[in-house]
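Single-structure report; data block below.
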Amino acid sequence: MKRRTSEVLEWARTLVEPALKAATGRLSPELGLAARYHFGWVDSRGAPLPEGRHGKGVRPTLALLSAEAAGAPAEVALPGAVAVELVHNFSLVHDDIVDNDAERRHRATVWKVFGVGDAIIVGDAMMGLAFELLLEESTPARSGAARDLVQATMAMIAGQYMDMSFNRRDTVGVAECWEMVSAKTGALLAYASAVGAILADAPPRTVEALRRFGQELGLCFQAVDDLLGIWGEPSVTGKPAGNDLRERKKSLPVAVALSSGTRAGETLADLYAQEHLDDEDIARAATLVEEAGGRAATAEAARDCMHRAAQALTAADLEQQPAEELLDLASFVVNREF
């Protein structure tokens, strides 16, 4: 019987979290403490936290479901699930430094607690652990999964650099913004959606269908994330309201607004050119983005990406229940509150 998405996420957590804790246990005590703090398992002194959670775990859940969709036990995907979660979280630790974010998920970020240097090193250590786990067994499937993770990680890094470069420019085209999103977010979600099938030695047609599903889901995920970055409730996002506008990010809604040719878009450009934005400016900028069509266009794009993700799953013969649960997970990503 098909499970609810909340049940699937909890099922994945019970499988992945012990393996993730074991992996971070390989780090030196100092780095291990910072990593465990980031994942929400302990406080800054190492004291265990009750019901510590580090996020919803979408990526490892995709990995486990992709193995099942390919007809293999979920456990086959466990090394890939842990590896993709480590890579994702290394990027979060580094992104918080780049973005000067002092909070993540309602608590101080790693660099804020342990310092920038330690945060950089612990992020590096997480990435190294990911590849160590995948390459512990010398099989063609493990080697293929590691090779694909290298490619996805390099794409993610290139996308992050593109994102940073946008902040140094007055204008960014919508097409450029989608190219950045495809690399920064799409590549790793595409990997997560395919790695279970790769480790299960599934046929190439199956792997590629799941990869396309994940790529579209990645575009959708980032579109919704960009909406949350402007209109999300701090209690949901864990960040101040309008945080992306405060940082003058050229996110998808902003790129649409700035290229709209509307009076609202022109006024937004003038506002973004100011040296400082106070809370009143942030609220006004959010209104201008919406008036220029940025909010509606981005929400519609997210729905379109979800439709293409669903179509991708029809391109291969997949096990019905996990395929349906993959679609439900995609819907969950799209329909987050904002």
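Has the range 260-277 got at least one residue that is buried (at least 18 other Cβ atoms within 10 Å of the Cβ), among the small types (G, A, S), at pLDDT 90 or above and not in a helix (DSSP H, G or I)?
Yes - at least one qualifying residue is present in the range 260-277.
Tell me, yes or no, whether the range 85-96 has at least one residue that is hydrophobic (A, V, I, L, M, F, W, C) and not in a helix (DSSP H, G or I).
Scanning the range 85-96, I find no residue that is hydrophobic (A, V, I, L, M, F, W, C) and not in a helix (DSSP H, G or I), so the answer is no.
Please list, ordered by first then second residue, the pairs with beta carbon atoms under 6 Å, 6 or more apart or interchain, first in the range 98-114 and farther than 13 Å from R36 by Cα, second of a type in the set (K, R) and modelled with pLDDT of 85 or more.
A102/K112
Quick grid of which residues meet (1) surrounded by fewer than 17 Cβ atoms within 10 Å (Cβ to Cβ); (2) of a type outside the set (D, E, K, R); (3) within 30 Å of R246 (Cβ to Cβ); (4) modelled with pLDDT of 95 or more:
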{"residue": "L65", "(1), (2), (3), (4)": "no, yes, no, yes"}
{"residue": "E68", "(1), (2), (3), (4)": "no, no, no, yes"}
{"residue": "G71", "(1), (2), (3), (4)": "yes, yes, no, yes"}
{"residue": "L78", "(1), (2), (3), (4)": "no, yes, no, yes"}
{"residue": "V93", "(1), (2), (3), (4)": "no, yes, yes, yes"}
{"residue": "D99", "(1), (2), (3), (4)": "no, no, yes, no"}
{"residue": "E103", "(1), (2), (3), (4)": "yes, no, yes, no"}
{"residue": "W111", "(1), (2), (3), (4)": "no, yes, yes, yes"}
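Out of the range 203-220, which residues are among the basic types (K, R) and either open to solvent by less than 20 Å² (accessible area, probe 1.4 Å) or in contact (Cβ under 8 Å) with a residue 60 or more places away in the chain (or both)?
Within the range 203-220, R205, R212 qualify.
In the range 134-163, how many are open to solvent by 20 Å² or more (accessible area, probe 1.4 Å), in a helix (DSSP H, G or I) and either over 28 Å from T267 (Cα atoms) or in contact with a Leu (Cβ under 6 Å, 6 or more places away or on another chain) (or both)?
Qualifying residue count for the region: 11.
R59 - would you say it is basic (K, R), open to solvent by 10 Å² or more (accessible area, probe 1.4 Å) and closer than 16 Å to M126 by Cα?
In short, yes.
Across the range 232-259, what is the total count of residues that are modelled with pLDDT of 80 or more and of a type in the set (G, A, S)?
6
I need a count of the residues in the range 164-187 that are open to solvent by less than 40 Å² (accessible area, probe 1.4 Å), touching a residue at least 40 places away in the same chain (Cβ under 8 Å) and part of a helix (DSSP H, G or I).
Going through the range 164-187 one residue at a time, the tally reaches 4.
In the set A194, A241, A223, A200, which member is closer than 30 Å to L64 by Cβ, small (G, A, S) and surrounded by fewer than 24 Cβ atoms within 10 Å (Cβ to Cβ)?
A200 is the lone residue from the list that is closer than 30 Å to L64 by Cβ, small (G, A, S) and surrounded by fewer than 24 Cβ atoms within 10 Å (Cβ to Cβ).
Among the residues that make up the range 294-315, is at least one of them out of contact with any Cys (no Cβ under 8 Å at 6 or more places or on another chain) and part of a loop (DSSP other than H, G, I, E, B)?
no
The values are calculated or read from the model by the stated rules, or taken from the named source; none is laboratory data. Worth saying up front: this structure is predicted, and the values here are computed from it rather than measured. All Cβ positions, even for glycine, are placed from backbone atoms using ideal geometry, and neighbour counts span all protein chains on display. Note: accessible area is taken over every heavy atom of the protein model, side chains too, but ligands, DNA and RNA are not part of it. Shrake-Rupley method; radii C 1.70, N 1.55, O 1.52, S 1.80 Å.
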